[in-house]
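Take a look at the structure set out below.
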Amino acid sequence: MILTKAFELIYVKGYQTTSIDDIIATTKVTKGAFYYHFKNKDEMGLAILQEILKPALANSFIQPLQLQANPLDAIFDLVHALLMENEFLKVEYGCPAANFTHEMTPWNADFRQVLDEITQEWETAMVAAIERGKEMGFIRKDVSAKQVTLFVMSGYWGIRNFGKLENSKSIYLPYLKELRNYLNNLA
């Protein structure tokens, strides 16, 4: 409960601007109870990454790539769902993993390591899906799975930032249209 409520608060306010007192007030636990579970805020933040973001990534970012036969459709459907349909991911707050990456990787090696693991899991799953698509004839043989993956991932994180600036999902629509065009050119 502490991790879930703290994560929701951090997603809205940001990690560095959320104090332990904010977390305690939101979760309604005592300081003693907080410190019973975590030595400090960074230990709690790392637990959020391990116990909330990693499983969410597996369910929302990786599993969809493994369920559809055509990875081009799977990639588009995944990004579309994350941008337009996901109830938790709010346009005004961006991508939680990207937010943690921007806020914490310059200052904390442990955060950098876990966030890199999370990113690598998504990257590995997308590369594998694209390679499967090449073997099954959905994607041209000359396509670099790694390049496509980095392009799609960076586009997703980038458009999330534009969404935060605009505070509107309408900014996602031209991106999604161009993503569809790009993916169709890989067939």
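Structure notes:
- Restricting the range 39-53 to residues that are crowded, with 16+ Cβ neighbours inside 10 Å and touching a residue at least 24 places away in the same chain (Cβ under 8 Å), the residue that is farthest from A81 (Cα to Cα): M44
- Residue pairs meeting the criteria (Cβ under 6 Å; at least 6 apart or on separate chains; first over 15 Å from Q120 (Cα atoms), in the range 147-169; second charged (D, E, K, R) and exposed (fewer than 15 other Cβ atoms within 10 Å of the Cβ)): N167/E92
- Scanning the range 9-25 for residues that are surrounded by 17 or more Cβ atoms within 10 Å (Cβ to Cβ) and either touching a strand residue (DSSP E or B) at 6+ places or on another chain (Cβ under 9 Å) or not aliphatic (A, V, I, L, M) (or both) gives Y11, Y15, T18.
- Residue count for the range 47-79, restricted to those that are within 18 Å of E8 (Cα to Cα) and of a type in the set (D, E): 1
- The number of residues in the range 143-165 that are surrounded by 14 or more Cβ atoms within 10 Å (Cβ to Cβ) and either of a type outside the set (F, W, Y) or within 18 Å of I118 (Cα to Cα) (or both) comes to 15.
- In the range 90-110, the qualifying residues are those that are in a helix (DSSP H, G or I) and either aliphatic (A, V, I, L, M) or at pLDDT 90 or above (or both), and the one that is nearest to the chain's Cα centre (by Cα) is A97.
- Boolean, D110 is acidic (D, E) and either touching a Pro at 6+ places or on another chain (Cβ under 7 Å) or buried (at least 20 other Cβ atoms within 10 Å of the Cβ) (or both): no
- Listed conditions (1) modelled with pLDDT under 95; (2) of a type in the set (A, V, I, L, M, F, W, C); (3) part of a helix (DSSP H, G or I); (4) more than 24 Å from K169 (Cα to Cα) are all met by A69, apart from (3).
- All positions within the range 115-142 that are of a type outside the set (F, W, Y), part of a loop (DSSP other than H, G, I, E, B) and surrounded by 16 or more Cβ atoms within 10 Å (Cβ to Cβ): I139
The values are calculated or read from the model by the stated rules, or taken from the named source; none is laboratory data. If you're wondering where the values come from, they're calculated on a predicted model, not measured in any experiment. So basically every Cβ, Gly included, is an ideal-geometry build from the backbone, and we count neighbours across all protein chains shown.
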